[in-house]
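Participant: One structure is given below, represented as structure tokens, and several questions about it will come after.
The values are calculated or read from the model by the stated rules, or taken from the named source; none is laboratory data. Keep in mind that this is a model prediction, so the values were computed, not measured. A quick note on method: Cβ atoms are made from the backbone with ideal geometry, for glycine too, and the neighbour counts reach across all protein chains shown.
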Amino acid sequence: MKLNELTLKATIDGIQGGDFTASEMAKATLEEIEAKDGEIGAYLSFNKDAFIAGAQVADANKASGRLGKLGGVPIALKDVILRKGFPATAGSQILKEYKASYDATVSKKLDEQDALIVGKTNMDEFSMGSSTENSGFKLTRNPHDLERVPGGSSGGSAAAVAAHMAVAALGSDTGGSIRQPAAFCGIVGLKPTYGAVSRYGLIAMASSLDQIGPMTKTVEDAAILFGAIAGPDSKDATSNQRAIYGSELVNPNWEEVKSLTIGIPKEYFEGGMDGEVEKSLEETVEFFKKQGFKVKEVSLPNTKYALSVYYILMPAEASTNLARFDGMRYGTRAEIKDLEELYLENRGRGFGPEVKRRITLGTFVLSAGYYEAYYGKAQRVRSLVKEDFDKAFDEVDVLLAPTTPTVAFKFGEKSQSPLQMYLSDIFTIPANLAGIPAINIPVKGREGKLPVGFQLMGKPFREADILGLGRYYEQS
Ligand code: GLN
């Protein structure tokens, strides 16, 4: 086994235990990227010198007994997370020349713990999409089948981890962008509770839904990386004081895990899934029943409105957030004669079609006369979706559902129909609307076949429940 194929846990143990060095790990990762990324296209930018220098710092810290908790672990960042001095394009031509002037809180935390930031990964432009085909730069291929998409919008991060070009990665999830690509690429992806991880230095898509989270090879790795980036932050007013996690995050209390009641939301199983996905989900439910877990059917009746509500609230927030990209402060500026032309030229050229579609939609639903009919109403339905979860969590501790309706699809298969593409997120969006934590876990025993994932959703700030149950499944 090559070093870069190790898990995050094994990397930490190997470096801390002196079996190999951070520099050796960095070298193995670099070689893998040089051999494979031309074909896969997971990275948008990569700073070899900074990466090697980081590994040398980690090795020096190890020698002096000061190695941080993530010492020497190569981690990739979705190109929407700021890393000082590095490009941060958000997958958009409008930001192609922008370099971050400060660190996101998560980047700072990784640095402080001696992680090695490998590079910035490809993504759908401004996180809008489910296949990474909306990137303003290039395609990313699914390492399991190069003719297929890696999912999106954090497709580059998912592909980098699945192809061992990073030991772990960070993505962001507004409606499924961590979990859906994780499912397509056969890795673990956690969307934390809203407010658990600071959004400071994350290029915003829809601020009331966005969360940064880990994308890893195992559930245990996700627990470790989540623990390393979570916590309240005075620089993000929506970060939450409850985001303080104990040791059970990484060292589960197995007795408590075994006593969790699993809810099966019936609306998620009423059609919409492909045969292959449905069969895998049924087998997973059977697994937990056989292991003696209490499994109970629950109802989330307002789930059917989640997608519609999302496609009103998300564009409304995104159109507002994207107003700042006018070529004045960030990105390139066109040569023009007056202010109006400056806006039209920069935004007209800089944004791709999906981004324009959503800005138009968002501006419309927020316009005077329509605001109450669309935005106001969608806000109220969002509360109903959340209340469904609150009620379900009175009866059960976690919910088990599919992550995606299909396995990874082929390039071009859905890119002609926005609606078909939007439907990929039908099972992931409700957790964002409700602000609850949710994780994708690869279904086992699918070697040689395209990956399928299942999703566990938990109570707010109870990541320990879904991580614990996920690890139980992974280890059995
Ligand atoms: N695919 C969804 C969308 O296009 C979700 C994106 C995301 O989570 N960032 O909006």
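Participant: Please return the ranges of helices (runs of 4 or more DSSP H) entirely within the range 286-392 where 2 or more residues are more than 16 Å from the ligand (Cβ to nearest atom) and out of contact with any His (no Cβ under 6 Å at 6 or more places or on another chain).
Facilitator: Numbers: elements: 306-321, 339-350, 353-365.
Hits in the range 286-392: 339-350, 353-365.
Participant: Take the conditions hydrophobic (A, V, I, L, M, F, W, C), farther than 28 Å from I12 by Cα and in contact with a Pro (Cβ under 9 Å, 6 or more places away or on another chain) and apply them to A206. Does it pass?
Facilitator: Working: hydrophobic (A, V, I, L, M, F, W, C): yes; farther than 28 Å from I12 by Cα: yes; in contact with a Pro (Cβ under 9 Å, 6 or more places away or on another chain): yes.
Spelling it out, A206 is indeed hydrophobic (A, V, I, L, M, F, W, C), farther than 28 Å from I12 by Cα and in contact with a Pro (Cβ under 9 Å, 6 or more places away or on another chain).
Participant: Then there's this: Kindly provide the set of residues from the range 181-193 that are more than 16 Å from the ligand (Cβ to nearest atom) and not β-branched (V, I, T), ordered by number.
Facilitator: Matches in the range 181-193: G186 only.
Participant: In the range 76-113, what residues are closer than 21 Å to D233 by Cα and touching a strand residue (DSSP E or B) at 6+ places or on another chain (Cβ under 7 Å)?
Facilitator: Correct list: L77, K78, V80, I81, R83, A104, V106, S107, L110.
Participant: Out of the residues in the range 126-180 meeting the condition of being surrounded by fewer than 24 Cβ atoms within 10 Å (Cβ to Cβ) and not in a loop (DSSP other than H, G, I, E, B), tell me which one is nearest to the ligand (Cβ to nearest atom).
Facilitator: R148
Participant: Another question about this same structure. If you go through the range 181-214, how many residues are of a type in the set (G, A, S) and part of a strand (DSSP E or B)? Can you show your working first?
Facilitator: Going residue by residue through the range 181-214, those that are of a type in the set (G, A, S) are 182-183, 186, 189, 195-196, 198, 201, 204, 206-208, 213.
Next cut, part of a strand (DSSP E or B) only: 189, 213.
Qualifying residue count, the range 181-214: 2.
Participant: Only residues in the range 356-369 that are closer than 16 Å to R324 by Cβ count as the first member; pair them with residues that are away from the ligand (no atom under 12 Å from the Cβ) and assigned to a loop (DSSP other than H, G, I, E, B), Cβ under 9 angstrom, at least 6 apart or cross-chain, and list the lot.
Facilitator: I359/F351
Participant: Out of the residues in the range 49-104 that are of a type in the set (D, E) and farther than 29 Å from M128 by Cα, state the one that is modelled with the lowest pLDDT.
Facilitator: Taking the range 49-104 first, the residues of a type in the set (D, E) are 49, 59, 79, 97, 103.
After this cut, where a residue has to be farther than 29 Å from M128 by Cα as well, the list is 49, 59.
Working: D49: 94, D59: 98.
Per the criteria, the residue is D49.
Participant: Please work out if A373 is modelled with pLDDT under 95 and farther than 20 Å from D173 by Cβ.
Facilitator: Numbers: modelled with pLDDT under 95: yes; farther than 20 Å from D173 by Cβ: yes.
Yes, satisfied.
Participant: Go through the range 334-352 and count every residue that is under 21 Å from D124 (Cα atoms) and either loosely packed, with under 12 Cβ neighbours inside 10 Å or among the small types (G, A, S) (or both). Before the answer, list the steps.
Facilitator: Pass one, the range 334-352, residues under 21 Å from D124 (Cα atoms): 346-352.
Now narrow it down to the ones that are either loosely packed, with under 12 Cβ neighbours inside 10 Å or among the small types (G, A, S) (or both): 348, 350, 352.
Number satisfying all stated conditions: 3.
Participant: Name the residue, out of N253, N240, that is surrounded by fewer than 18 Cβ atoms within 10 Å (Cβ to Cβ) and among the polar types (S, T, N, Q). Give the derivation first.
Facilitator: Details: N240 fails: surrounded by fewer than 18 Cβ atoms within 10 Å (Cβ to Cβ).
Sole residue among the options that is surrounded by fewer than 18 Cβ atoms within 10 Å (Cβ to Cβ) and among the polar types (S, T, N, Q): N253.
Participant: Could you list all residues from the range 434-448 that are farther than 14 Å from A162 by Cβ and free of Cβ contacts under 8 Å to residues at least 24 places away in the same chain?
Facilitator: Result: G445, G448.
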